[in-house]
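Novice: Have a look at this one before I ask anything.
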């Protein structure tokens, strides 16, 4: 009997369109792999299905809908088999300041930061600039802003609170942004990113044809191995299982700075994980098959 996979895609977060683009690509791959696929938009639609008719839930909801741990907790309570990490790993990685604190305790560098629940908590030290301001729990670089001058920082922070109730202000590290994915026990090759502008923000990720990706990057093989080892250690520290992607900055001195984790990475035509998988020897269908395989660990 053909196994049925419920594909969660879309949702209601700021990353809805990215999730839909990922979902269309993954749905086609699931069909080509011989499974029956049922596309659902959120947990309410999933609840309308009989869980006895679903063999696996493939979580492709980006943002809070799929990555903050609540979905994983509900799936576990319902006894449903699902892709991605459990609620502990999702929650720890979703809150960027918690992830950064735990990872820093393992000796991995991360840019100094402040976590704010109101604009009045901001402490400005002009010597520490420039800064990156972003929501403390959001993905796809939604709301990410670089601030060069201390005179502008307070206004940018106030504006950021229009998007979220928790803001992360961290020191800007100049260097090359890169990412490392893991699927099951497989650590994928490093991808470095060369945006047309200064920042790899939402525009550069999804709307720019000038952003360039390098896999393998120009880094030494030793540095690439160090980034992969960091990724494995970060997965263990944050209790992440299944699949995911860790973002770093490598500065001019070759130091590796941890930025954040994505526990439901994008799977669009421009997404980083499929690019790395291709160099690893996996086409898109094989990547989807490997992610599905990781889902059975929740049984």
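The values are calculated or read from the model by the stated rules, or taken from the named source; none is laboratory data. Model, not experiment: these values are computed from the prediction. Please note: Cβ atoms are built from the backbone with ideal geometry, for glycine as well, and neighbour counts cover all protein chains shown.
Novice: Report the residue count in the range 168-225 for those that are modelled with pLDDT under 90, crowded, with 18+ Cβ neighbours inside 10 Å and touching a strand residue (DSSP E or B) at 6+ places or on another chain (Cβ under 6 Å).
Specialist: Number satisfying all stated conditions: 1.
Novice: Hey, among 83, 110, which residue is in contact with a strand residue (DSSP E or B) (Cβ under 6 Å, 6 or more places away or on another chain), over 25 Å from residue 184 (Cβ atoms), crowded, with 18+ Cβ neighbours inside 10 Å and touching a residue at least 60 places away in the same chain (Cβ under 8 Å)?
Specialist: 110
Novice: Answer yes or no as to whether residue 255 is out of contact with any strand residue (DSSP E or B) (no Cβ under 7 Å at 6 or more places or on another chain) and surrounded by fewer than 16 Cβ atoms within 10 Å (Cβ to Cβ).
Specialist: Criteria not met by residue 255.
Novice: Which one is farthest from the chain's Cα centre (by Cα), of the residues in the range 1-41 that are more than 18 Å from residue 65 (Cα to Cα) and in a loop (DSSP other than H, G, I, E, B)?
Specialist: 1
Novice: Would you mind finding the one in 56, 46 that is surrounded by 15 or more Cβ atoms within 10 Å (Cβ to Cβ), touching a strand residue (DSSP E or B) at 6+ places or on another chain (Cβ under 7 Å), more than 24 Å from residue 272 (Cα to Cα) and modelled with pLDDT under 95?
Specialist: It is 46.
Novice: Another question, if that's okay. Taking the range 59-71 only, how many residues are at pLDDT below 95, in contact with a helix residue (DSSP H, G or I) (Cβ under 6 Å, 6 or more places away or on another chain) and not in a loop (DSSP other than H, G, I, E, B)?
Specialist: Within the range 59-71, residues that are at pLDDT below 95, in contact with a helix residue (DSSP H, G or I) (Cβ under 6 Å, 6 or more places away or on another chain) and not in a loop (DSSP other than H, G, I, E, B) number 1.
Novice: Of everything in the range 247-265, what is over 21 Å from residue 86 (Cβ atoms), in a loop (DSSP other than H, G, I, E, B) and either in contact (Cβ under 8 Å) with a residue 12 or more places away in the chain or not assigned by TED's automatic domain parsing to the domain that holds residue 212 (or both)? Give them in sequence order.
Specialist: Across the range 247-265, the qualifying residues are 252, 254, 255.
Novice: Right, another one. Of everything in the range 31-43, what is at pLDDT 95 or above and out of contact with any strand residue (DSSP E or B) (no Cβ under 7 Å at 6 or more places or on another chain)? Give them in sequence order. Break it down into steps so the answer makes sense when it comes.
Specialist: Filtering the range 31-43 for residues at pLDDT 95 or above gives 31-40.
Within the range 31-43, 32, 33, 34 qualify.
Novice: Another question, then. Quick test of your reading of the structure: residue 49 fulfils all but one of (1) outside any helix (DSSP H, G or I); (2) closer than 26 Å to residue 135 by Cβ. Name the failing condition by number.
Specialist: Of the numbered conditions (1) outside any helix (DSSP H, G or I); (2) closer than 26 Å to residue 135 by Cβ, the odd one out for residue 49 is (2).
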